[in-house]
Amino acid sequence: MIRRKQLVWFVILGLAVGCRSAKAETSQADPLRILPAGQVPDDNRLEKLRTLDDYFPFHAVDSLASWQQRADRIRRRIRVATGLWPWPTRVPLKPVVTGCVERDGYTVEKVYIQSWPGHYVTGNLYRPHGTSGKHPAILTPHGHWPDGRFVDLGADEVRNQIAEGAERFEVGGRYPLQARCVQLVRMGCIVFHYDMVGYADSNQLDHHLGVRDAMNRADSWGFMSPQAELHLQNLMGLQTWNSIRALDYLLSLEDVDPERIGVTGASGGGTQTFMLCALDPRPAVAFPAVMVSTAMQGGCVCENAPYLRIDNGNIDIAALIAPRPLGLTAANDWTVEIQTKGLPDLQKVYAMLGAEGLVSVKACTHFPHNYNSVSRTAMYHWFNRHLKLGHNEPILEKDYVPLTRKELSVWGDGVARPDGYEAGDAHERALVSWQTEDANHQISQLIPQNATPESIAAFRQTVGGAFDTILGRRLVDIGPVTTRMVRTVDMGGFKVELGLADNTNAGEQIPVAILSPPQSCGKVTLWVHPFGKRGLFHQVGGEMVPLPEVRHLLEQGHLVIGMDLLYQGEFLKDDQGPELRNSPMVRNQDWKQPWHRFSGYTFGYNHPLFAQRVHDILAVIQLAQGQLGANQIQLAGFGPVAGPLVIAARCQAGAAVTKAAVTTGGFRFSHLDRFDHPAFLPGAVKYLDLPGLIALNAPYPVWIAEETETTLKVARQVYESNGQKAALVIGLPSEQPVQAALDWLLE
């Protein structure tokens, strides 16, 4: 007996053979080709992939309302990208002070806190000595200086900097990270200086974790693996959450004034500063040094994540801090042009919010990348004014007695690690496992169990909001789409118009085949196929004609559209075959190190191919309801390539699509084990995989086969909660799926 899955694949394999033979037999005069042989569509997605070193200008807005809408979208993008949507569970901090060093006028405590179960943030807490009452407080992450919090630049380097005017004292210049903490505590602030992952005392994980075969397992994985990316688990998210928990700790101290919190760091610490302040409203003042720019966006794995800088850059992210005071510095590095590229845009946002003068840049472009005495002085003045510290300016550092590495270290002699403390691969797996379980629990609680508007809205806000970021566009985001018909051919008695659909605003072009019925019923069916528009035809007696299923739709009055999605059909070179196997990836630093292979260097700046193909389907939907004037639009796609694309496009199209019919071939994003798979979609598994996307189609009608009530339990619950149980139709095992789907579409 032939099973229903086999029937579908017999159809698809038949199409494949037909396509290949048609290609061979029509190479001289291809009846379905629109462009001249060897020419590809005029589509900007075929150009070089965007990288962290490209130009990232601010996306201008024309009103306060537009900015607030855009700000909400960027803020959600950051949280989705870093795995913080929804927020992880805040576990008890369990702060421990392992020692204290007395200095003239201040103390330095050695502290660790728990940010995730069994994962610890280490650092030093500087406190003014002999004072009482509430104090302003500064959270200060460090950047990628050697040894981080323990940095010692050496005697020769500091003398050079003194000679160049970058530093005033040998001690301050040699230990510049300590220098800023000492000066701030002398100004009356409590300061928490904490470690980046893999620096100083934070030794549970390496900072530059790379892609490793041993950590790429379907049931037990680590960071930088396909499964980690499918759950949006990354070092940037880990580090950003560490910063949020460090802020929680600072605010838990009885002597901290919660209304006067500042954050400052330079370079990678600058990235942590503006990311934290963009997400968290509690800091009152921010001072990210030598990082915010329209040029290089941050080169480390701790500064990158999938989706993070698609359609926005660091200037846009820093603007989320407005109207709170934002101070910046520039150097002779990627920030060198900030005064003309970036600052004017930030000033406009601040002006719209009635906060003129609360954003400023100290340009020290005669110095290389730094957080030297000149830059630190600008920061002291910024905090002095906006935290109302009350000191006369100029504020100049004074020399101090530095702490030794031993005096700074949280894990000094005789200090026991917490119970259950782990490091290395075992800790990494345990940490990622906890993140997975926590996210699964939180998202499962959002699945509507009843028909209350609140439960439906919560599910759509979190899961739907995540997929809005992941897929990148909704139908409302698609601008005008028009088609230029190149030629018309007769195939099996039906007129086929071949042309190019131009999504002008996006600079994208889609080859389409529009099959017209003898007499129209006003309905349009978009048929998505792994081989593009060619998949709607086969050869009969040496002639290309519509498939019997397509012919049946035409005879019932449906206009049928086939299309070449990105890297299908005419997007492919002659030697690439009918399907793309490997989607393009950014070869960051030519993949010299395992961490250079991090997928965030590709998907942090470019939509995944799966999402881009969804954009193409949305563009053709826009064409159908616009230029073609369709009053009813339906989608059809069969198999593990086309079915999920149709489900995703249907999800993003809203009421514009009347019906969608698919088979899935049992596809799940969780089955993918490589970053360059054409269907690889970071984050999809975290948000309930394909069943989550199907659920987001509610309340609109969907027919689906090769699934069961069990595999689609989540989708069924959501449809029932929307009061539309009958709108989700699951094909019966006894049915021939493609024919049953067409019968349902024609009802």
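For the stretch 515-547, enumerate the residues that are within 21 Å of Ala649 (Cβ to Cβ), in a strand (DSSP E or B) and among the hydrophobic types (A, V, I, L, M, F, W, C).
Listed by number, the residues that qualify are Leu515, Val524, Leu526, Trp527, Val528.
Within the group Val560, Val550, which residue is in a helix (DSSP H, G or I), closer than 28 Å to Leu609 by Cα and free of Cβ contacts under 8 Å to residues at least 60 places away in the same chain?
Being in a helix (DSSP H, G or I), closer than 28 Å to Leu609 by Cα and free of Cβ contacts under 8 Å to residues at least 60 places away in the same chain holds for just one of Val560, Val550, which is Val550.
Please verify whether the stretch 664-678 includes one or more residues that are more than 26 Å from Asn440 (Cβ to Cβ), part of a strand (DSSP E or B), of a type outside the set (A, V, I, L, M, F, W, C) and touching an Asp or Glu at 6+ places or on another chain (Cβ under 9 Å).
So far as the stretch 664-678 goes, no, none of its residues is more than 26 Å from Asn440 (Cβ to Cβ), part of a strand (DSSP E or B), of a type outside the set (A, V, I, L, M, F, W, C) and touching an Asp or Glu at 6+ places or on another chain (Cβ under 9 Å).
Return the residue satisfying two criteria in turn: it lies in the stretch 531-580 and is aromatic (Phe, Trp, Tyr) and buried (at least 24 other Cβ atoms within 10 Å of the Cβ), and of such residues it is farthest from Trp744 (Cα to Cα). Break it down stepwise before answering.
Of the residues in the stretch 531-580, the ones aromatic (Phe, Trp, Tyr) are 531, 537, 567, 571.
This time we only want the ones that are buried (at least 24 other Cβ atoms within 10 Å of the Cβ), so: 531, 537.
Details: Phe531: 24, Phe537: 22 Å.
If we take residues in the stretch 531-580 being aromatic (Phe, Trp, Tyr) and buried (at least 24 other Cβ atoms within 10 Å of the Cβ), then Phe531 is farthest from Trp744 (Cα to Cα).
Which residues, counting only those in the stretch 406-423, are of a type in the set (A, V, I, L, M) and within 14 Å of His119 (Cα to Cα)?
Hit for the stretch 406-423 is Ala423, nothing else.
How many residues, within the stretch 483-514, are closer than 24 Å to Ala648 by Cβ and assigned to a strand (DSSP E or B)? Working first, answer last.
Taking the stretch 483-514 first, the residues closer than 24 Å to Ala648 by Cβ are 483, 500-514.
Now restrict to residues that are assigned to a strand (DSSP E or B): 483, 500-503, 508-514.
Qualifying residue count for the region: 12.
Rundown of residues vs (1) under 25 Å from His135 (Cβ atoms); (2) surrounded by fewer than 19 Cβ atoms within 10 Å (Cβ to Cβ); (3) in contact with an Asp or Glu (Cβ under 8 Å, 6 or more places away or on another chain), yes/no style:
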residue: Ser373; (1), (2), (3): yes, no, yes
residue: Leu387; (1), (2), (3): yes, no, no
residue: Pro394; (1), (2), (3): yes, yes, no
residue: Val415; (1), (2), (3): no, yes, no
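Of everything in the stretch 71-108, what is out of contact with any Pro (no Cβ under 6 Å at 6 or more places or on another chain), of a type in the set (Val, Ile, Thr) and in a loop (DSSP other than H, G, I, E, B)? Give them in sequence order.
Those that are out of contact with any Pro (no Cβ under 6 Å at 6 or more places or on another chain), of a type in the set (Val, Ile, Thr) and in a loop (DSSP other than H, G, I, E, B): Thr82, Thr89.
Give the residues of the stretch 583-621 that are closer than 15 Å to Glu229 by Cα and of a type in the set (D, E, K, R), sorted by residue number.
Arg597
Output the number of the condition that Lys725 fails; it satisfies all remaining conditions of (1) within 18 Å of Ser455 (Cα to Cα); (2) in contact (Cβ under 8 Å) with a residue 12 or more places away in the chain; (3) surrounded by fewer than 20 Cβ atoms within 10 Å (Cβ to Cβ).
It is condition (2) that Lys725 fails.
Scan the stretch 593-635 residue by residue and report those that are in a helix (DSSP H, G or I) and hydroxyl-bearing (Ser, Thr, Tyr).
Those that are in a helix (DSSP H, G or I) and hydroxyl-bearing (Ser, Thr, Tyr): Tyr601, Thr602.
With the stretch 127-243 as the region, which helices (runs of 4 or more DSSP H) entirely inside it contain at least 3 residues that are under 17 Å from Asn304 (Cα atoms) and in contact (Cβ under 8 Å) with a residue 12 or more places away in the chain?
226-230
Under the condition of being surrounded by fewer than 16 Cβ atoms within 10 Å (Cβ to Cβ) and touching a strand residue (DSSP E or B) at 6+ places or on another chain (Cβ under 6 Å), which residue from the stretch 127-174 is nearest to Phe274 (Cα to Cα)?
Lys134
Within the group Asp42, Asp72, which residue is at pLDDT 50 or above and over 19 Å from Asp574 (Cβ atoms)?
Among Asp42, Asp72, only Asp72 is at pLDDT 50 or above and over 19 Å from Asp574 (Cβ atoms).
What number of residues within the stretch 347-377 satisfy the criterion of being more than 17 Å from Ile315 (Cβ to Cβ) and out of contact with any Ser or Thr (no Cβ under 6 Å at 6 or more places or on another chain)?
Final tally of qualifying residues: 15.
Would it be correct to say that Thr452 is at pLDDT 95 or above, polar (S, T, N, Q) and either out of contact with any His (no Cβ under 7 Å at 6 or more places or on another chain) or in the same structural domain as Ile621 (by TED's automatic domain parsing) (or both)?
No; evaluated as a whole, the condition is false for this residue.
Any idea which of (1) closer than 24 Å to Tyr194 by Cβ; (2) outside any helix (DSSP H, G or I); (3) in contact with a helix residue (DSSP H, G or I) (Cβ under 8 Å, 6 or more places away or on another chain) is the one Phe274 doesn't satisfy?
Among (1) closer than 24 Å to Tyr194 by Cβ; (2) outside any helix (DSSP H, G or I); (3) in contact with a helix residue (DSSP H, G or I) (Cβ under 8 Å, 6 or more places away or on another chain), Phe274 violates only (2).
Restricting to the stretch 306-330, and then to whatever is over 15 Å from the mean Cα position of the chain (by Cα) and small (Gly, Ala, Ser), can you tell me which residue is surrounded by the fewest Cβ atoms within 10 Å (Cβ to Cβ)?
For the stretch 306-330, the residue satisfying everything is Ala322.
The values are calculated or read from the model by the stated rules, or taken from the named source; none is laboratory data. None of these values were measured; they are calculated from a predicted model. All Cβ positions, even for glycine, are placed from backbone atoms using ideal geometry, and neighbour counts span all protein chains on display.
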